[in-house]
Amino acid sequence: MDSTLHRKMRSLTLSIALILFVMPGAAQPDKLHFEDKYIPNIETFMKVGYATSPGISDETGEIFFVSAMSGVNQLYRLTEEGWPYQLTVFDDGIDWYSLSYDGRLAIAGAALGGSEDHQLFLIDTRTGRTRQLTFTPRTRYGTLFWKKDGGSFYFAANLESPKDFEIFRYDFATAGITKILDRDGSNWISDMSLDEKYLIIFHERSNVSNDLLLLELRTGEDRVITPDRENIRYSSPKLMPDNNTVYLLCNDNEEGILKRARLDAGSRELEFIDPDSRWNIDGLCFSDNRRYMGWLVNEEGYSNLRLYDIQKNRPIPGPPITGNILYAVPTNDGRVLFRFFTATRAPDVWLWDWKAPELKKVTHSIYAGIDPDVFVEPELIRYKSFDGLEIPAFMFLPPDYNGEPVPFIVHVHGGPEEQFRPRFQRHFNYLLLNGYGIITPNVRGSSGYGRRYLNMDNYKKRMDAIKDIKAGVDYLIENGYTRKGMIGIKGKSYGGFAVLACITEYPELFSAAVEMSGIANFVTFLQNTRDYRRELRETEYGPLTDEDFLKSISPIHKADRIKTPLLVVHGQNDPRVPIGEARQIISAIQDNGGTVDSLIFSDEGHQIRKLTNRLVYYSKMVEFFDKNLK
């Protein structure tokens, strides 16, 4: 057919179609009717997108972020047209990235199959061209800082010892690696001085305490600059241009919460900037030129951004937005790039220019055709545990809740030093729309409530936290939200242990349980977890030398009590909680004639990260809860 005639016929066909579409009586776009009760399947919910880990180049103004829109986490650059340009194509995605000062290059950490053995890859941020820099199996790289000239960078890695993270420099001219800090234990780079003469090193004492070291790069000498105190946390340090003043967060106060402080590196004297603050500060951030400071105030699990101009010694307006800001990047001209989300809105990257003022959403996550207005926010509640301690928790109720008992799921966070925040959870929103209630207790041992609360579950007090979960279920039953036979429990990592502990300590209470990457046997867990994690975990759970106690809290030795149907989910390559934990509990329950199902992913680690695997996992989880709780 002649191409001109073909184009004319196609144009005529399109015109007729458009006329038919707008004819009287035809359905108009603004009059299309959708069933009010239509709820997509869980697979659709899991396709709701997100954007995280924002970065910005002060030189070019280009914005970078990480998203799993391709199925796993990849690095993207936002073009001038506002279109996301995908820079990486790793089969297993990336774990982190670090931009050079001019924004032209990036280093990404990527590992195979969830192993967390990150190798370093150099990325051209214009084209995405990628070159692998390191080839060292069973090595983990992290906390990378570029030199301003782009000729080298500093990083932490356990290159020479499986359990010790030391500090190294990589030079592009020679492709050589030089060790610059030789120190046992876990050491991470927290900051580089403006003149590039010093590094601040974060040296871990335990999972909740640390020292800060000042490392002089010319001589290689290092010294501790924080006060000699035990069980104190120092975080987010930033060395000012005088190379002596350090702004940081510290919990060495009566409340035991992280507050802003100013440290004199020479005298090691520390002064709190906001001594009367009642809220925990989640993070401290600075522009590269050290002029602008930002901090994230954790108000009952909601995080808000505060800003300050150090040069002019005055506060500046923060973004007019309420929810959770958990990562912020101030620029040298005072703008702030940040990640924001709520329980009903997926994570996206925003840009706040307080001088304009202008608040701009720069990424727009897909909602997979689901109207986010149908999602519900939780209510912050408190209930009393066995010893009178008040436990904060977020309670989610179905949008059509009428006061009658509904099936309820207890969600236990990991850590155990984490804090549940009202973040966007795809499967939460699906379950709520399908009639479930959800409670997320921040049991003793959670962060965000001070040092005393954080340490209330350590070592011999481990099972007190499990009693806190039981008290939360009692609260639900006593107040008529649910009843026995309708209660499930789920958790990941330490939360997975809590699931197993609950169904062994209270076998009649739960009718369905899902544990992912959970600890079943503390002895084998500590023996088999990665070497660099063992000592830090022993300070939390107890030492391997106290094997009798570790056995007493291990669910594997009480597996004969389990009556609750259990779904076990684990990644074959998990370096934190090895796969043997899952195999032990599955075998024990089968030997005792219990009900257990499992999903073992051969290409995952501690997290289930790939979309294809998440679709399988969450479909199975929903089917499992529906079968046993409804």
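The values are calculated or read from the model by the stated rules, or taken from the named source; none is laboratory data. Note that the structure is a prediction, hence the values are computed from the model and not measured. Note that we place each Cβ from the backbone using ideal geometry, even for glycine, and neighbour counts take in every protein chain shown.
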Revision key, fill the gap. The condition of being assigned to a loop (DSSP other than H, G, I, E, B), at pLDDT 95 or above and crowded, with 17+ Cβ neighbours inside 10 Å holds, among Arg339, Arg290, only for Arg290
Check your understanding: Taking the stretch 388-407 as the search range and keeping residues that are within 11 Å of Leu431 (Cβ to Cβ) and of a type outside the set (A, V, I, L, M), which one is surrounded by the most Cβ atoms within 10 Å (Cβ to Cβ)?
Key -> Phe396
Review point. Which of the following residues is within 26 Å of Leu432 (Cβ to Cβ), among the basic types (Lys, Arg) and surrounded by fewer than 23 Cβ atoms within 10 Å (Cβ to Cβ): Arg452, Arg483, Arg462?
Key: Arg483
Review point. Just checking, which of Glu547, Glu581 is surrounded by fewer than 17 Cβ atoms within 10 Å (Cβ to Cβ) and within 30 Å of Asn231 (Cβ to Cβ)?
Key: Glu547
Review point. If we keep just the residues of the stretch 590-615 that are of a type in the set (S, T, N, Q) and part of a loop (DSSP other than H, G, I, E, B), which is surrounded by the most Cβ atoms within 10 Å (Cβ to Cβ)?
Key: Gln607
Study note, to complete from the structure: Of the listed residues (Leu296, Leu284), the one being over 19 Å from Pro422 (Cβ atoms), in contact with a Gly (Cβ under 9 Å, 6 or more places away or on another chain) and of a type in the set (A, V, I, L, M) is Leu284
Exercise for review: Tell me, please, whether a residue that is small (Gly, Ala, Ser), part of a loop (DSSP other than H, G, I, E, B) and surrounded by 20 or more Cβ atoms within 10 Å (Cβ to Cβ) can be found in the stretch 346-357.
Suggested key: yes
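Rundown of residues vs (1) over 29 Å from Arg421 (Cα atoms); (2) of a type in the set (S, T, N, Q), yes/no style:
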| site | (1), (2) |
| --- | --- |
| Asn243 | yes, yes |
| Asn253 | no, yes |
| Leu263 | yes, no |
| Asp274 | no, no |
| Ser277 | no, yes |
| Glu300 | no, no |
| Ile316 | no, no |
| Pro319 | no, no |
Revision key, fill the gap. When every residue in the stretch 119-172 that is touching a helix residue (DSSP H, G or I) at 6+ places or on another chain (Cβ under 9 Å) and assigned to a strand (DSSP E or B) is compared, the one farthest from Trp188 (Cα to Cα) is Ser161
Check your understanding: So which residues in the stretch 580-600 are more than 28 Å from the chain's Cα centre (by Cα) and closer than 16 Å to Met621 by Cβ, if there are any at all?
Key -> Thr595, Val596
**Study point:** Hits in the stretch 551-575 (condition: in contact (Cβ under 8 Å) with a residue 12 or more places away in the chain and either more than 29 Å from Ser602 (Cβ to Cβ) or outside the structural domain of Ala588 (by TED's automatic domain parsing) (or both))
**Key:** Lys551, Ile553, Lys558, Asp560, Arg561, Lys563
Review point. Arg423 passes all but one of (1) farther than 17 Å from Asn304 by Cβ; (2) modelled with pLDDT under 95; which number fails?
Key: (1)
Review point. Taking the stretch 305-321 as the region of interest, how many residues are over 16 Å from Pro357 (Cβ atoms) and surrounded by 11 or more Cβ atoms within 10 Å (Cβ to Cβ)?
Key: 2
Check your understanding: Quick check, is Pro330 over 27 Å from Lys148 (Cα atoms) and out of contact with any Lys or Arg (no Cβ under 6 Å at 6 or more places or on another chain)?
Key -> no
Review point. Identify, please: which residue in the stretch 503-523 is assigned to a helix (DSSP H, G or I) and without any contact (Cβ under 8 Å) to a residue 40 or more places away in the chain and is, among those, surrounded by the fewest Cβ atoms within 10 Å (Cβ to Cβ)?
Key: Val523
**Study point:** Those residues of the stretch 186-204 which are under 22 Å from the mean Cα position of the chain (by Cα) and surrounded by 17 or more Cβ atoms within 10 Å (Cβ to Cβ), in sequence order
**Key:** Ser186, Asn187, Ile189, Ser190, Asp191, Phe202, His203, Glu204
Review point. Quick check: anything in the stretch 384-402 modelled with pLDDT of 95 or more, of a type in the set (Asp, Glu), under 18 Å from Met486 (Cβ atoms) and not in a strand (DSSP E or B)?
Key: no
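Considering the stretch 68-108 alone, what residues qualify as being aromatic (Phe, Trp, Tyr), surrounded by fewer than 18 Cβ atoms within 10 Å (Cβ to Cβ) and either in the same structural domain as Asn613 (by TED's automatic domain parsing) or over 25 Å from Ile189 (Cα atoms) (or both)?
Those that are aromatic (Phe, Trp, Tyr), surrounded by fewer than 18 Cβ atoms within 10 Å (Cβ to Cβ) and either in the same structural domain as Asn613 (by TED's automatic domain parsing) or over 25 Å from Ile189 (Cα atoms) (or both): Trp83, Tyr85.
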Review point. Does the stretch 258-273 contain any residue that is more than 24 Å from Gly55 (Cα to Cα) and under 24 Å from the mean Cα position of the chain (by Cα)?
Key: yes
Practice item. Being β-branched (Val, Ile, Thr) and outside any helix (DSSP H, G or I) is the filter; apply it to the stretch 449-502 and report the residue that is nearest to Tyr618 (Cα to Cα). Key: Ile489
Exercise for review: Go through the stretch 408-444 residue by residue and tally those that are touching a helix residue (DSSP H, G or I) at 6+ places or on another chain (Cβ under 7 Å), buried (at least 24 other Cβ atoms within 10 Å of the Cβ) and in a loop (DSSP other than H, G, I, E, B).
Suggested key: 2
Review point. For the stretch 299-336, what are the residues that are basic (Lys, Arg), in a strand (DSSP E or B) and touching a residue at least 12 places away in the same chain (Cβ under 8 Å)?
Key: Arg306
